[in-house]
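Single-structure report; data block below.
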Amino acid sequence: AFKAAVLIQQWYRRYVARLEMRRRCTWRIFQSIEYACEQDQIKLHNFFSYLMDQFTPSSSKERDFISRMFVSGESYKEAELEKCCDYESIEVPDSYTGPRLSFPLLPDHATALLEAFQQKQQLHARYVLNLLHETRKHLKQLPNISHVSTCYSEEVTVCGDLHGQLDDLFLIFYKNGLPSPSKSYVFNGDFVDRGKQSLEILVILFAFLLIYPKEVHLNRGNHEDHMVNLRYGFTKEVMQKYKVHGKKILRMFQNVFCWLPLATLIDQKVLIIHGGISDTTDLNMLEKIQRDKFISVLRMKKRKESSRKPEIQAINGESKPDTDAAGNEAAPRLSLQPQSAQAPSTANRLEFSRWLRQTVQEQIDTCRRLVDVSESEPEELTYSSMVSLKDVDEPCWTRQEEWKQILDILWSDPMPQEGCRENKVRGGGCYFGPDVTEKFLEKYSLQFLIRSHECKQEGYEFCHNRKVLTIFSASNYYEIGSNRGAYVKLGPELIPHFVQYQANKTAHMLTMTQRQGIPVALISRVEESAFRALREKLFAHTSALISAFKAYDGDNTGRITLSNWATAVESVLRLGLPWRMLRLQLVRSTEDGMLEYKSWLDNLAMEQRSQEHIQSSLLEVIYRNRSNLETIFRIIDRDHSGLISFEEFQQTWKLFSSHMNIELTDDGINDLVRSIDFNKDGNIDFNEFLEAFRLVKQCP
Amino acid sequence: IVAEIEKKITEAFEVFDRESNKTVDVREIGCIVRSLGCFPNEAEVQELVEQVNMEVEEPGGFIHLEQFLPVMTKVLLEKRFLPIPEDVILHAFEALDENKCGYITKEDLVKHLTEE
């Protein structure tokens, strides 16, 4: 009987081990795809930056378009902002049954908001704008680094990423209590994107911020950035919920985000930042930076220093008064090769940049006159250093250095190895090692760091010898059952005490039982979701995969070994995944250890095919660019109306096609544009936009 | 073939390598070995760990990939700890299931494991 028992034990252990392996692999899949996406975002930015450098507008129309896209879109002018927060003119109908706010806010308002959101009600646009207006006023007077002391309210609760998951915030409040004079909270950024209730979370957090200004502290996260919002869902959410006033609300949020403090310091001993640090992080600089100048931390590539000087000289020497004429005369047709630095083209770019500077300066002067604000420094546009007008007025560090400080704080991740290197996975910030942490803590006499930014299975995780704590408050982040959320409480002793939770009760129960090895549909479900995402990614790289496979198939048999399959796939996708472990889930049929790759890829394609039966190669292109196209569409659709005018589309097309190396004449574009507008309403909506790329690929 | 086996082992190892420094907690070795297709019992896992730690001066709570790889490769090449055939396992269950109810409880299993 003993022997029998041992056998069963063996079998059982093996079963548990396999489950564990599956669980971890699934985790890795989600994480690697998530970070690869963030990298895309940065690449997209570099793309725009590249275009900006290369594109010479050949007509005033084009110039206007570019300027709209990159200049006026990103600056905030006091006058326009006043127009935005003109909430008083917005009437609230009597039929509105949601909460009505009046300022200054009282605790009752917060409770009303909580109840309303629990019942899925929506706050009227007028109150949203009003709230944002007041929030901005409040945030403006806060320093870059908030200071909290545990002697006022004995314990401080620190929460990490929430990412629009309102249920988690409710859970936290339920378990820990609402903010109050005896209950301090620090929310460490990334309140928005991905989850569907980012707006509600912000409203609640801002409300509490105003009601209990001493006890509630908010840090900016990398997602409190409108360029990131465009892609990850917040912009969409706002426009869907507020069809009439959405644009105004978004502009206000954009502004409020850049006024969020960058860090919080508890008892001068514990520093809380969203991402991490780098070996150049300087708290003194961080305290003094004008944080509101960095509307978006995702920035264009800086223009080379060398090109600046001749530009300035040329501008001083320029005597051409009429930029329009100059622009038209000297500008060549838009060529699809990068411009070489010849005198005429340089002149064009200089002309253009000069015109930009003039325009910007004019705008600023107009604003100044309107608002009668004597700011000590002219308004800075974060987007392009080429319009930096305050070269002379700079403090002892450069705008570039300031930007790096903020980027590092918001985007960095800890790593186990020593040193500090560029964070290539995310495309921003760096990886910092335990030695960097050690030096930093010593330099500023700190005990440890608290940060967020990375999803952790248990909701929290220590590293660097317990000197760095990651706290993540969005449970079930990747999928139901993927992870717990947590918050940490610190008393005067500054000893962390954790509370974990999981928003979905059933999911929580399942996680419990899965530990005891009982087969749970949960693992399968999360796994299924992960593999679906992975297969999509594989499909999107079909042509690259075919080339890679062919390289291993010298005899052109159409088959490769599974070992080569794994190597090839990794070389194309670069996700760092254990492909041999995942193989069984991805590759169904093999013959004596060999895979027929063509039919495997065909099978993948069949799963992805939409109803339109588009050729798989075209679908591949669309898929690969799908999230980018949506972002691009939204960027061009400046007024967030969901529609692009013909002209806007033409300009966009030129820009994008030069990036994709597709030749198309102006006439070709016109025909294309006309044929795209399927419903002939004179505008292009997003579906028509997507269709456009398919059609071009079909052109001979 | 050896190269392929080594790649497989390395992959499995890395999944459990939390800090990406080529070491895993010694308690996870059992999991790794089993997910590579082997069915060792606890005693056999311990033996394996000892084998891996033979060269190591001060075996701590961590196993390094360098020592693990050769030992594990040998295990896979020699096809040690093969899976028990299904009918044997069924037989085992039936042997313990005195009441013939089709299942055994956790307590029963524990009892049998700890009694001898």
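The values are calculated or read from the model by the stated rules, or taken from the named source; none is laboratory data. Every value quoted in this text rests on a predicted model; they were computed, and no experiment measured them. Positions of Cβ are backbone-derived with ideal geometry, glycine not excepted, and every protein chain shown enters the neighbour counts.
For residues that are away from chain B (no Cβ under 13 Å), under 36 Å from the mean Cα position of the chain (by Cα) and among the charged types (D, E, K, R), scanning just region A:551-598, find the one that is farthest from A:A533 (Cα to Cα).
A:K598
I'm trying to understand the selection: among the residues of region B:3-15, which are over 17 Å from A:N564 (Cα atoms) and more than 7 Å from chain A (Cβ to nearest Cβ)? Quick ask: steps written out before the conclusion?
In the first step, residues of region B:3-15 are kept if they are over 17 Å from A:N564 (Cα atoms); the result is B:12-15.
Residue satisfying the conditions is B:F13 alone.
Looking at A:E154, is it of a type in the set (D, E), part of a loop (DSSP other than H, G, I, E, B) and loosely packed, with under 14 Cβ neighbours inside 10 Å?
Against the criterion (of a type in the set (D, E), part of a loop (DSSP other than H, G, I, E, B) and loosely packed, with under 14 Cβ neighbours inside 10 Å), A:E154 qualifies.
Residue by residue through region B:1-45, note down the ones that are under 13 Å from the mean Cα position of the chain (by Cα) and among the acidic types (D, E).
Residues satisfying the conditions are B:E28, B:E42, B:E44.
Can you run down the residue pairs with Cβ atoms below 6 Å, 6 or more apart or on separate chains, where the first is in region B:50-62 and surrounded by 13 or more Cβ atoms within 10 Å (Cβ to Cβ) and the partner is assigned to a loop (DSSP other than H, G, I, E, B)?
Every condition considered, the pairs that remain are B:N53/B:P59.
Hey, any hits in region A:166-178 for a residue that's part of a loop (DSSP other than H, G, I, E, B) and either buried (at least 22 other Cβ atoms within 10 Å of the Cβ) or not basic (K, R) (or both)?
yes
Looking only at residues that are more than 8 Å from chain A (Cβ to nearest Cβ) and part of a helix (DSSP H, G or I) in region B:16-32, which one is surrounded by the most Cβ atoms within 10 Å (Cβ to Cβ)?
B:I29
Go through region B:74-106 and count every residue that is closer than 23 Å to B:C31 by Cβ and buried (at least 16 other Cβ atoms within 10 Å of the Cβ).
Summing the residues that are closer than 23 Å to B:C31 by Cβ and buried (at least 16 other Cβ atoms within 10 Å of the Cβ) in region B:74-106 gives 6.
From the list B:L76, B:L82, B:L96, B:L113, exactly one residue is within 20 Å of the chain's Cα centre (by Cα) and facing chain A (nearest Cβ under 9 Å). Which is it?
The conditions single out B:L113.
Can you name every residue in region A:258-275 that is over 12 Å from A:I406 (Cβ atoms) and either outside any strand (DSSP E or B) or of a type in the set (F, W, Y) (or both)?
Keep residues of region A:258-275 that are over 12 Å from A:I406 (Cβ atoms), which gives A:259, A:264-272.
Matches in region A:258-275: A:W259, A:D267, A:Q268, A:K269.
Per-residue answers, yes or no, for (1) part of a loop (DSSP other than H, G, I, E, B); (2) at pLDDT 75 or above:
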position: A:N476; (1), (2): yes, yes
position: A:Y487; (1), (2): no, yes
position: A:H497; (1), (2): no, yes
position: A:G517; (1), (2): yes, no
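Residue check: is A:V244 hydrophobic (A, V, I, L, M, F, W, C) and part of a loop (DSSP other than H, G, I, E, B)?
yes
Looking at region A:418-458 only, could you name the residues that are without any contact (Cβ under 8 Å) to a residue 60 or more places away in the chain and under 23 Å from A:L490 (Cα atoms)?
A:P434, A:E438, A:L441, A:E442, A:K443, A:E454, A:K456, A:E458
Among the residues of region A:401-444, what is the count of those that are within 13 Å of chain B (Cβ to nearest Cβ) and either surrounded by 21 or more Cβ atoms within 10 Å (Cβ to Cβ) or in a strand (DSSP E or B) (or both)?
Within region A:401-444, residues that are within 13 Å of chain B (Cβ to nearest Cβ) and either surrounded by 21 or more Cβ atoms within 10 Å (Cβ to Cβ) or in a strand (DSSP E or B) (or both) number 4.
In region B:46-63, what residues are closer than 24 Å to B:E4 by Cβ and either within 14 Å of chain A (Cβ to nearest Cβ) or of a type in the set (F, W, Y) (or both)? Talk me through it step by step, then tell me what you get.
The initial filter retains those residues of region B:46-63 that are closer than 24 Å to B:E4 by Cβ, namely B:48, B:51-52, B:63.
Scanning region B:46-63 gives a single hit, B:L48.
Go through (1) within 23 Å of A:E438 (Cα to Cα); (2) in contact (Cβ under 8 Å) with a residue 24 or more places away in the chain one by one and return the number of the condition A:F462 breaks.
Only one criterion is unmet by A:F462, namely (2).
Of the conditions (1) over 29 Å from A:I560 (Cα atoms); (2) small (G, A, S); (3) facing another protein chain (nearest Cβ under 7 Å), B:A43 fails just one. Which one is it?
Only one criterion in (1) over 29 Å from A:I560 (Cα atoms); (2) small (G, A, S); (3) facing another protein chain (nearest Cβ under 7 Å) is unmet by B:A43, namely (3).
Residue check: is A:S452 over 19 Å from A:S32 (Cα atoms), under 19 Å from the mean Cα position of the chain (by Cα), of a type in the set (G, A, S) and crowded, with 23+ Cβ neighbours inside 10 Å?
The answer is no for A:S452.
Using beta carbons and a limit of 7 Å, which pairs, at least six apart or on different chains, have the first residue in region A:102-119 and assigned to a helix (DSSP H, G or I) and the second one surrounded by 13 or more Cβ atoms within 10 Å (Cβ to Cβ) and of a type outside the set (A, V, I, L, M, F, W, C)?
Cβ pairs passing all conditions: A:H109/A:P99; A:A112/A:P99; A:L113/A:P99; A:A116/A:G98; A:A116/A:P99; A:F117/A:E200.
Is it fair to say B:I29 is free of Cβ contacts under 8 Å to residues at least 40 places away in the same chain and within 19 Å of A:V16 (Cα to Cα)? Spell out how you get there, then give the answer.
Numbers: free of Cβ contacts under 8 Å to residues at least 40 places away in the same chain: yes; within 19 Å of A:V16 (Cα to Cα): yes.
Here the answer is yes, as B:I29 does meet what is asked.
Here is a check on your reading of the model: is A:M227 over 20 Å from A:H138 (Cα atoms), in the same structural domain as A:D108 (by the TED database), touching a residue at least 60 places away in the same chain (Cβ under 8 Å) and not in a loop (DSSP other than H, G, I, E, B)? Spell out the reasoning first.
Values: over 20 Å from A:H138 (Cα atoms): yes; in the same structural domain as A:D108 (by the TED database): yes; touching a residue at least 60 places away in the same chain (Cβ under 8 Å): yes; not in a loop (DSSP other than H, G, I, E, B): yes.
When the stated conditions are applied, A:M227 passes them.
Please go through (1) within 12 Å of another protein chain (Cβ to nearest Cβ); (2) in a loop (DSSP other than H, G, I, E, B) for B:L90 and return the number of the only condition it doesn't satisfy.
Status for B:L90: all satisfied but (2).
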